[in-house]
1. Those residues that are over 17 Å from P10 (Cα atoms), of a type in the set (A, V, I, L, M, F, W, C) and either in contact (Cβ under 8 Å) with a residue 60 or more places away in the chain or within 11 Å of the ligand (Cβ to nearest atom) (or both), I need them from the stretch 46-75; list them, please.
2. Are there any pairs with C-beta distances below 6 angstrom linking a residue in the stretch 99-110 that is within 17 Å of D69 (Cβ to Cβ) to a residue that is open to solvent by less than 50 Å² (accessible area, probe 1.4 Å) and near the ligand (Cβ under 6 Å from one of its atoms), with the two at least 6 apart or on different chains, and if so which?
3. For the stretch 1-16, which positions are buried (at least 19 other Cβ atoms within 10 Å of the Cβ) and either of a type in the set (V, I, T) or more than 9 Å from the ligand (Cβ to nearest atom) (or both)?
4. From D276, D269, grab the single residue that is in contact (Cβ under 8 Å) with a residue 24 or more places away in the chain and either over 30 Å from E106 (Cα atoms) or open to solvent by 20 Å² or more (accessible area, probe 1.4 Å) (or both).
5. Taking T57 and the conditions (1) open to solvent by less than 10 Å² (accessible area, probe 1.4 Å); (2) at pLDDT below 95, which numbered condition does it fall short on, given that it satisfies the others?
6. State whether one or more residues within the stretch 100-121 are part of a loop (DSSP other than H, G, I, E, B), open to solvent by less than 80 Å² (accessible area, probe 1.4 Å), touching a helix residue (DSSP H, G or I) at 6+ places or on another chain (Cβ under 7 Å) and within 23 Å of K27 (Cβ to Cβ).
7. Please verify whether the stretch 17-30 includes one or more residues that are of a type in the set (A, V, I, L, M, F, W, C), touching a Phe, Trp or Tyr at 6+ places or on another chain (Cβ under 6 Å) and surrounded by 14 or more Cβ atoms within 10 Å (Cβ to Cβ).
Amino acid sequence: MKKVRKVIFPAAGFGTRFLPATKVIPKEMLAVVDKPIIQYGVEEALAAGCDQLIVITAHGKSAIEDHFDISHELETALEKRGKTELLELSRSISNMVQISYVRQKEAKGLGHAVLMAKDLVDDEPFAVILPDDVIDAPVPCLKQMIDVFEQVQSSILATQEVEGPAISSYGVLDGDPLVSNPRIIAVRGMVEKPKLEDAPSKNAIIGRYILTPKIFELLENLTPGAGGELQLTDGIKGLLKTEKVYGYSFEGTRYDAGDKLGMLMATVDFALKRKDLGPPFREYLKGLKL
Ligand code: UTP
């Protein structure tokens with residue numbers, strides 16, 4: 001039985017929806033409350049038992065590498081000032097995990113970004129976490145998916161039900177839930193960004209995947225689509241021809257933190273849950289004339 005140990009974090013996109021904030025700062029380093037969104041994803045991967053993390057970076061993204069590295073200057077300053085708690089916090093991030101970085105020289109799409117990790121992943125099933133999808137869940141979303149992978153030993157795409165015209169921003173699954181577990185959907189096909197009336201279901205594909213290594217061969221042979229981009233979903237459509245693929249309707253709340261409204265929602269919800277910030281922030285919100 002194959003185990004999922006490796007996780008790819010594509011982080012080489014331009015983050016245009018967040019300009020001007022992302023002109024210099026990588027989108028993946030924007031914070032929900034006080035933690036960069038990519039750190040939520042890294043913590044989820046570790047909590048799911050994966051310890052080989054690969055971040056796909058690009059020009060201008062070095063803040064991501066610095067974030068997970070030791071900052072001697074900061075640590076010395078905190079030590080001198082006797083700020084032990086903050087010192088521990090800074091050290092805990094650099095001690096958290098060893099990460100490999102691969103450059104994607106041009107932003108040629110999510111499929112192309114995943115392909116950059118081919119040599120590091122080799123012949124193993126692996127996960128992909130899109131850092132801008134921040135998920136708050138009782139059991140980490142990737143852990144839930146790995147539990148399903150251990151039963152089905154096939155590729156799994158995390159899905160979420162999306163109501164109304166918003167479905168047109170997603171890849172949408174066509175398939176049937178399993179009788180034994182309705183959260184698992186046997187996928188027949190997928191439609192990229194359909195009109196509401198053409199959507200085969202409400203099951204939108206979101207930013208968590210477990211994929212078999214066969215995907216690399218398919219991505220290598222894909223013809224680029226619009227804007228010269230290689231779409232990951234086109235590669236997965238290829239997988240469907242020879243392997244089973246499942247959707248998984250995870251338990252938890254997903255925030256699209258790569259989008260301004262999603263980021264605001266995540267910030268409010270995460271802040272309200274914090275022991276230190278929750279009570280005064282709730283009081284503040286109650287006082288707003290909405
Ligand atoms: P998005 O489409 O959400 O990111 O891709 P983007 O292109 O950076 O954002 P906008 O739409 O312009 O605002 C999802 C993830 O895939 C990565 C992005 O960094 C993001 O984390 N990505 C996307 C790559 O690594 N390479 C690419 O060529 C495209």
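1. A47, A48
2. V102/I56
3. Answer for the stretch 1-16, where residues must be buried (at least 19 other Cβ atoms within 10 Å of the Cβ) and either of a type in the set (V, I, T) or more than 9 Å from the ligand (Cβ to nearest atom) (or both): V4, K6, V7, I8.
4. Working: D276 fails: in contact (Cβ under 8 Å) with a residue 24 or more places away in the chain.
Among D276, D269, only D269 is in contact (Cβ under 8 Å) with a residue 24 or more places away in the chain and either over 30 Å from E106 (Cα atoms) or open to solvent by 20 Å² or more (accessible area, probe 1.4 Å) (or both).
5. (2)
6. yes
7. From the stretch 17-30, those of a type in the set (A, V, I, L, M, F, W, C) are 18-19, 21, 24-25, 29-30; that's our starting set.
From the residues that got through so far, the ones that are touching a Phe, Trp or Tyr at 6+ places or on another chain (Cβ under 6 Å) too are none.
No: zero hits.
The values are calculated or read from the model by the stated rules, or taken from the named source; none is laboratory data. This one's a predicted model, so the numbers in the text were calculated from it and none came from an experiment. Virtual Cβ from ideal backbone geometry, glycine too; neighbours counted across all protein chains shown. SASA here: full protein model, heavy atoms, side chains in, ligands and nucleic acids out. Shrake-Rupley method; radii C 1.70, N 1.55, O 1.52, S 1.80 Å.
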